[in-house]
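Heads up: the structure comes next, in structure tokens.
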Amino acid sequence: MTKKNLTTQLAQVTFDGPLLNASGIHCQTKEELADLAATSNLAGIVTKSATLLPRTGNESPRYYDLAYGSINSMGLPNLGYPFYLDYVQQETAKPTILSVAGLSAEDVLEVLMDVQDSDYQGITELNLSCPNVPGKPQTAYDFVATRKLLERVFAFFTKPIGVKLPPYFDLVHFDQIAAVLNDFPITHVNTVNSVGNGLVVDVEKEQVVTKPKGGFGGLGGAMILPTALANVRALRQRLNESIAIIGTGGVTSGADVFAHILCGADMVSVGTQVIKEGLGVYDRLTEELQAIMAEKGYESLSDFRGQLREL
Ligand SMILES: Cc1cc2nc3c(=O)[nH]c(=O)nc-3n(C[C@H](O)[C@H](O)[C@H](O)COP(=O)(O)O)c2cc1C
């Protein structure tokens, strides 16, 4: 099979292929990040969402594997943003996306001011959607707060920056978030974060499977694919053309990658399936994607990106 042209662009950066790691998966420590740099068919590296101060995160067990996906309540364990800002300035093997999260608007602004003042010229991603920090709501469900925060960010931030969004479930909410985002020069949206506050019940033990928040946790993996595809599609239909989309959620096969791109994704990131299968998943997904493209006679991703047909 001849190799297809899988290159894609985000914020004027060219990536060798469409696949990224999802933030939070194998990207927290120096060793994990080095593994990503050496992983074939992984076109770029997204860091663990970094906060102002290092965090150990929530109590364990905080991740649970399911036949149909995963539930987690990690609570943003990370080494603190100086480590990741330093890392992205040194990484040369692949383009990077520096993911940043805050426990308050002030935290976020303090971190982003340092990113602005640093030598880092790559892409930053503001995580507005972590569902697992006890007592902290997901910012992007509050459209007024999101607009206010972005106004404060773009008052000083001039580097490429996108946002990571939670899933939306109502068409009016897609309209509302798109109306906010279209007013700012953001490079991309990454959609979706974990589907927040699911509850998995172990019937035999009559108890929950993760400890934090009484067992409520973010869902990922195969079970969230339709939600992720809906969010990619609905946002592609509403966002300015200049805003790229990273499709995240539910990818377990090359067909799922194809579906994300068909819905309008410029790039696709993989979380739960990496935990289940290991970093070799990127080779398999790429082979499967290429086989589908060959069968359909497509030469590049732009041949089918966003071309989903309605009945
Ligand atoms: C263990 C774990 C940790 C995560 N940590 C983060 C994080 O730090 N920042 C973030 O934006 N998303 C985080 N996520 C969400 C993933 O990046 C992704 O959006 C979600 O898992 C859906 O993708 P999937 O179906 O491929 O797992 C995390 C998910 C998991 C399972």
Query raised in the report: Mind checking which residues of the range 9-41 are under 21 Å from G254 (Cα atoms), in contact with a helix residue (DSSP H, G or I) (Cβ under 8 Å, 6 or more places away or on another chain) and surrounded by 13 or more Cβ atoms within 10 Å (Cβ to Cβ)?
Result: G17, P18, L19, N21, A22, I25, H26, T39, N41
**Report entry** Tally, over the range 112-128, of residues that are buried (at least 24 other Cβ atoms within 10 Å of the Cβ), touching a helix residue (DSSP H, G or I) at 6+ places or on another chain (Cβ under 7 Å) and polar (S, T, N, Q)
**Finding:** 1
Query - Any strands (runs of 3 or more DSSP E) falling wholly within the range 212-311 and containing at least 1 residues that are of a type in the set (V, I, T) and within 11 Å of the ligand (Cβ to nearest atom) - result: 244-248, 267-270
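Inspect all residues belonging to the range 144-160 and state whether any of them is within 14 Å of the ligand (Cβ to nearest atom) and either more than 22 Å from G24 (Cβ to Cβ) or open to solvent by less than 50 Å² (accessible area, probe 1.4 Å) (or both).
No; the residues of the range 144-160 include none that is within 14 Å of the ligand (Cβ to nearest atom) and either more than 22 Å from G24 (Cβ to Cβ) or open to solvent by less than 50 Å² (accessible area, probe 1.4 Å) (or both).
Quick grid of which residues meet (1) more than 14 Å from the ligand (Cβ to nearest atom); (2) closer than 20 Å to I275 by Cβ; (3) in contact (Cβ under 8 Å) with a residue 24 or more places away in the chain:
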{"position": "S60", "(1), (2), (3)": "no, yes, yes"}
{"position": "L76", "(1), (2), (3)": "no, yes, yes"}
{"position": "D86", "(1), (2), (3)": "yes, no, no"}
{"position": "A93", "(1), (2), (3)": "yes, no, yes"}
{"position": "L103", "(1), (2), (3)": "no, no, yes"}
{"position": "E106", "(1), (2), (3)": "yes, no, no"}
{"position": "E110", "(1), (2), (3)": "yes, no, yes"}
{"position": "D117", "(1), (2), (3)": "yes, no, no"}
{"position": "N127", "(1), (2), (3)": "no, yes, yes"}
Query - the range 1-54: number of residues that are closer than 13 Å to Y84 by Cβ, assigned to a strand (DSSP E or B) and more than 16 Å from the ligand (Cβ to nearest atom) - result: 0
Query raised in the report: Out of (1) out of contact with any strand residue (DSSP E or B) (no Cβ under 6 Å at 6 or more places or on another chain); (2) more than 23 Å from P160 (Cα to Cα), what's the single condition that is false for G271?
Result: (1)
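The values are calculated or read from the model by the stated rules, or taken from the named source; none is laboratory data. This one's a predicted model, so the numbers in the text were calculated from it and none came from an experiment. Backbone-built Cβ (ideal geometry, glycine too); neighbour counts: all protein chains shown. Areas reflect the complete protein model, heavy atoms only, side chains present, ligands, DNA and RNA absent. Shrake-Rupley method; radii C 1.70, N 1.55, O 1.52, S 1.80 Å.
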